[in-house]
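What follows is one structure encoded as structure tokens, with my remarks underneath.
The values are calculated or read from the model by the stated rules, or taken from the named source; none is laboratory data. Note that the structure is a prediction, hence the values are computed from the model and not measured. Glycine also receives a Cβ, built like all others from the backbone with ideal geometry; neighbour counts cover every protein chain displayed.
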Amino acid sequence: MKHIKTVFLFFFILFILKGNAQKLETLIDEALLNNPEIQKIDLQYKRVSEKLNEVNTIPNTEFGMGYFISEPETRTGAQRFKISAKQMLPWFGTITSRENYVGALADAKYVEIVIVKRKLMTSVSQSYYKLYANKAKQEILSENINLLKTYETMALTSVEVGKTPVVDVLRLQIRQNELQQVKDVLQQDFLAEQTTFNKLLNREDDIEVTFVDDLLLPNEDFETTKENLSLHPELLKFDKLFRTIEQSELLNQKESSPMIGFGLDYINVSERPDINFIDNGKDIIMPMISLSIPIFNKKYKSITKQNELEQQEILYQKKEKRNTLETLLNKALKERMSARISYNTAIKNIKQANNAKQILIKNYETGAIDFIDVLDLQELELKFQINQIESIVKYYVQSTIINYLSN
């Protein structure tokens, strides 16, 4: 269990990416503290752990009492009533095996807590990046709308002197309307994603989420290795389940052993009135020992066979899960690399589009400007700016997946 905690702490340290550490870290802490799913599984873990006290017991002590309606006569007198007590004891080591089995169940449940926490951290981060992308796109759209208004003013001036047709002004206004529509839709998407984000933190839907001013790509990607997958909680879970079955089988072997019983019978005897001798009316005390042997042990043999089959099933499940995790890791690494490539390309394109736009604007001073070309360039530049934002977010979203899988 200590080893799992170390893995989780290591993951948490690496999870906070450069550029937005304090804010995202605070939000993740809040989610881990308040998330109801984590609280639910934590209670399940405590409940399973509490079973240690339940299994650390022996069978109930049996007491019995009988009254002789027709008192049998013996040499020493008539038997009046009988009191008995008996205690069965499990075979040596049975209780320890039960404790080990419950402890294995608790360990498996603890791994589930680690998995849920890691998934929650990933979900919070990815939702945060989606919100950042949405807000960044809205800002870019606002800048472009303002820029179009400036072009509209320039076009109106050109229309007055007869250098620009009125239709160019209408095109600029239509483009503004289109961008405003996109921005309004993004705002609704933002509110929906903000609700999702707040629910991950188990707080009110409309709590506003704030972001870092700018999110940049790091100069280098953090190193990852497939070997770390062996320590991933989703795989460790199968190791814990396998150990649970091992402990279950050890317990099965113990329970198939005999049980030893110790008891004591006390019989009350009345004195015989017609005779006088030393043992007249002497009560009977009879210690007893018993042995419970499971002669018909087909049940225990069946449990052993079931345990063997379940262990084989767990091994196949682990192999299947590892293949799935390796596939996800490879895909995330490739996606992160493609995001960096797209980001670098977007930077170049934005610079070139901006240079071309500046050339067109300078033509306004000479009295010759084609607002259709300006619109085309502005649309291209907006496309590149959106691509840049999406590349940044894609990079960080894929990084959260890589962190989840490799740390």
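The number of residues in the range 55-91 being in contact with a Ser or Thr (Cβ under 8 Å, 6 or more places away or on another chain), of a type in the set (A, V, I, L, M, F, W, C) and touching a residue at least 24 places away in the same chain (Cβ under 8 Å) comes to 4. Among the residues examined, Ala136 does not qualify as out of contact with any Cys (no Cβ under 6 Å at 6 or more places or on another chain), aliphatic (A, V, I, L, M), crowded, with 17+ Cβ neighbours inside 10 Å and farther than 30 Å from Lys119 by Cα.
Candidates Leu105, Leu120, Leu52: the one that is closer than 20 Å to Glu249 by Cβ, touching a residue at least 60 places away in the same chain (Cβ under 8 Å), part of a helix (DSSP H, G or I) and under 39 Å from the mean Cα position of the chain (by Cα) is Leu105. With respect to the conditions (1) assigned to a loop (DSSP other than H, G, I, E, B); (2) at pLDDT 85 or above, Asp214 lacks only one, and its number is (2). When each of Glu71, Glu30, Glu37 is tested for being surrounded by fewer than 16 Cβ atoms within 10 Å (Cβ to Cβ), of a type in the set (D, E, K, R) and touching a strand residue (DSSP E or B) at 6+ places or on another chain (Cβ under 6 Å), the lone residue that passes is Glu71. Scan the range 230-250 for residues that are assigned to a helix (DSSP H, G or I) and within 18 Å of the chain's Cα centre (by Cα) and jot them down. Ser230, Leu231, Pro233, Glu234, Leu235, Leu236, Lys237, Phe238, Asp239, Lys240, Leu241 - these are the residues of the range 230-250 that are assigned to a helix (DSSP H, G or I) and within 18 Å of the chain's Cα centre (by Cα).
So that you can scan it fast, the table gives a plain yes or no per residue for (1) surrounded by 13 or more Cβ atoms within 10 Å (Cβ to Cβ); (2) of a type in the set (A, V, I, L, M, F, W, C):
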site	(1), (2)
Ile295	no, yes
Lys301	no, no
Lys305	no, no
Gln317	yes, no
Arg322	yes, no
Thr327	no, no
Met337	yes, yes
Ser342	yes, no
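For residues that are among the basic types (Lys, Arg) and under 44 Å from the mean Cα position of the chain (by Cα), scanning just the range 344-365, find the one that is surrounded by the most Cβ atoms within 10 Å (Cβ to Cβ). Looking at the filtered set, the residue picked out is Lys351. Can you find a residue in the range 147-164 that is closer than 30 Å to Arg47 by Cβ and crowded, with 19+ Cβ neighbours inside 10 Å? No, the range 147-164 contains no residue that is closer than 30 Å to Arg47 by Cβ and crowded, with 19+ Cβ neighbours inside 10 Å. Do the conditions hold for Leu380, that is, is it within 30 Å of Thr157 (Cα to Cα), at pLDDT below 95 and assigned to a helix (DSSP H, G or I)? In short, yes. The residue pairs whose first member lies in the range 299-312 and is within 10 Å of Ile245 (Cβ to Cβ), whose second member is of a type outside the set (A, V, I, L, M, F, W, C), and whose beta carbons are closer than 6 Å, counting only pairs six or more residues apart or on different chains, are Asn307/Ser248; Asn307/Glu249. Checking every residue in the range 256-271 against the condition of being charged (D, E, K, R) and in a helix (DSSP H, G or I) gives zero matches. Quick check, is Asn100 surrounded by fewer than 16 Cβ atoms within 10 Å (Cβ to Cβ), under 27 Å from the mean Cα position of the chain (by Cα) and modelled with pLDDT of 90 or more? In short, no.
Residues considered: Leu156, Leu186. Of these, the only one that is in a helix (DSSP H, G or I) and more than 42 Å from the chain's Cα centre (by Cα) is Leu156.
Screening Glu204 with (1) surrounded by 13 or more Cβ atoms within 10 Å (Cβ to Cβ); (2) outside any helix (DSSP H, G or I); (3) at pLDDT below 90 gives one miss only, at (1).
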